[in-house]
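Below: one structure, written as structure tokens.
The values are calculated or read from the model by the stated rules, or taken from the named source; none is laboratory data. Predicted model only: the values in this text are computed from it and were never measured. Because the Cβ atoms are built from the backbone with ideal geometry, glycine has one as well, and the counts that use them run over all protein chains shown. Please note that ligands, DNA and RNA were not included when accessible areas were found on the heavy atoms of the full protein model with its side chains. Shrake-Rupley method; radii C 1.70, N 1.55, O 1.52, S 1.80 Å.
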There are 2 protein chains.
Amino acid sequence: MTVLKSAVANAVKTARPARKEPLESAVENTELQLGELSEQLGYSLKRAQLKIFENFLRCVAPLQLTPAQFSVLLLLDKNPGRNQTEIANTLGILRPNFVAMLDGLESRELCARLRSTNDRRSHIVVLTDKGRAVLARAKKLVAAKHEARLNEILGPAKRAALLDMLATIAREL
Amino acid sequence: MTVLKSAVANAVKTARPARKEPLESAVENTELQLGELSEQLGYSLKRAQLKIFENFLRCVAPLQLTPAQFSVLLLLDKNPGRNQTEIANTLGILRPNFVAMLDGLESRELCARLRSTNDRRSHIVVLTDKGRAVLARAKKLVAAKHEARLNEILGPAKRAALLDMLATIAREL
DNA sequence: CGATAATTGTTATAGAGTATATCAAATAGC
DNA sequence: GCTATTTGATATACTCTATAACAATTATCG
């Protein structure tokens with residue numbers, strides 16, 4: 001492997017010393033430098049998104065709702081009378097994948113499929129009373145714990161600016 | 001299913017009319033209202049992140065590098081002499097999963113594992129010359145196409161503010 | 001009106017990414 | 001020297017995303 005020759009030479013010289021240094025020096029040598037990586041919007045977005053979803057799951061743990069499920073319930077509440085395809089498309093979920101999602105929510109009696117009277121191929125997806133109640137509780141948890149924490153970290157103005165920028169990216173890119 | 005009684009009554013009244021309306025009216029009735037969903041930072045983040053990754057893949061398609069692979073190469077370049085665990089931890093990738101990632105990059109001769117002289121359990125992961133060349137090309141594509149597009153959409157000031165906020169979230173949440 | 005194309009929900013399957021458990025070899029700590 | 005911990009690897013499972021195909025239904029067009 002000739003491609004390794006210069007790599008070998010470099011690695012021998014720069015290999016990080018074994019962990020026998022004083023603690024202070026070890027701290028310095030432990031953290032990797034992100035360098036240009038921290039300027040990559042995609043990377044920063046991904047890391048932030050993961051953190052936010054983790055926080056969501058923790059805050060809403062009593063209700064055992066994922067972000068995606070919460071989104072579905074919100075959308076059903078705001079847009080009564082819509083079929084599966086419409087809900088799925090709006091959320092960027094593919095139709096086959098939305099079936100299982102809906103199965104899960106329906107099995108918990110949070111929503112239901114009703115055969116449409118206008119088009120017998122499709123289902124109108126409706127929130128049940130239980131679903132409405134769970135959604136209300138979820139909204140409270142999200143507002144009081146999840147979004148409040150983000151507001152605390154960023155402040156209202158920055159949070160609003162962030163939302164605006166993200167919407168712009170999603171729309172224009 | 002008693003939970004459905006009120007849901008049935010509501011659905012019958014509000015079911016979206018079949019697609020027999022004039023076109024103008026149909027346009028109005030097609031778009032779902034996001035309502036509170038658009039105020040959810042997590043949702044907006046996820047949608048933006050997906051868009052950005054799609055754009056990245058398109059811009060860097062000639063080099064067939066995923067965002068994660070690009071991140072690895074950047075980190076290897078910036079932090080010579082580090083082992084697998086360190087690289088993986090920094091990127092939030094679990095050790096077992098990093099093995100396959102590295103297999104892929106190594107099979108393309110973009111990097112190599114060198115058994116460490118300080119600790120024979122571990123590999124120092126090094127960029128090859130080929131890897132360095134591919135990284136340079138990727139950086140150019142990313143700068144000229146991917147990040148430039150984002151800069152175009154947001155402007156430099158907003159882009160910088162966005163990066164800052166995302167870093168804050170990732171650090172504090 | 002009939003034939004064809006398109007749509008809706010579903011099933012099956014595959015791929016990518018993430019998480020956990022386990023292991024052998026090596027190292028660290030006492 | 002013994003035990004605990006670490007490193008990379010393997011195996012496996014789960015979650016999310018994507019594609020193909022199908023039956024039933026609806027839309028379109030001549």
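Kindly indicate the residue of the stretch A:47-67 that is in a helix (DSSP H, G or I), within 12 Å of chain B (Cβ to nearest Cβ) and open to solvent by less than 60 Å² (accessible area, probe 1.4 Å) and also farthest from DNA strand C (Cβ to nearest atom) among those meeting that condition. So the residue we want is A:59.
For every residue, the table says whether it meets (1) in contact with an Asp or Glu (Cβ under 7 Å, 6 or more places away or on another chain); (2) free of Cβ contacts under 8 Å to residues at least 60 places away in the same chain; (3) more than 7 Å from every other protein chain (Cβ to nearest Cβ); (4) within 22 Å of residue B:41 (Cα to Cα).
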site	(1), (2), (3), (4)
A:88	no, yes, yes, yes
A:119	no, yes, no, no
A:122	no, yes, yes, no
A:130	yes, yes, no, no
A:162	no, yes, no, yes
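Note on the stretch B:68-112: residues that are in a loop (DSSP other than H, G, I, E, B), open to solvent by less than 10 Å² (accessible area, probe 1.4 Å) and small (Gly, Ala, Ser) amount to 1.
Filter the stretch A:116-173 for residues that are polar (S, T, N, Q) and not in a loop (DSSP other than H, G, I, E, B); which is least open to solvent (accessible area, probe 1.4 Å)?
Taking the candidates together, the pick is A:168.
Right, residue A:90: in contact with a Leu (Cβ under 8 Å, 6 or more places away or on another chain), among the β-branched types (Val, Ile, Thr) and closer than 25 Å to residue A:165 by Cα or not? It is true that residue A:90 is in contact with a Leu (Cβ under 8 Å, 6 or more places away or on another chain), among the β-branched types (Val, Ile, Thr) and closer than 25 Å to residue A:165 by Cα. The number of residues in the stretch B:48-61 being free of Cβ contacts under 8 Å to residues at least 40 places away in the same chain and under 10 Å from the mean Cα position of the chain (by Cα) comes to 7.
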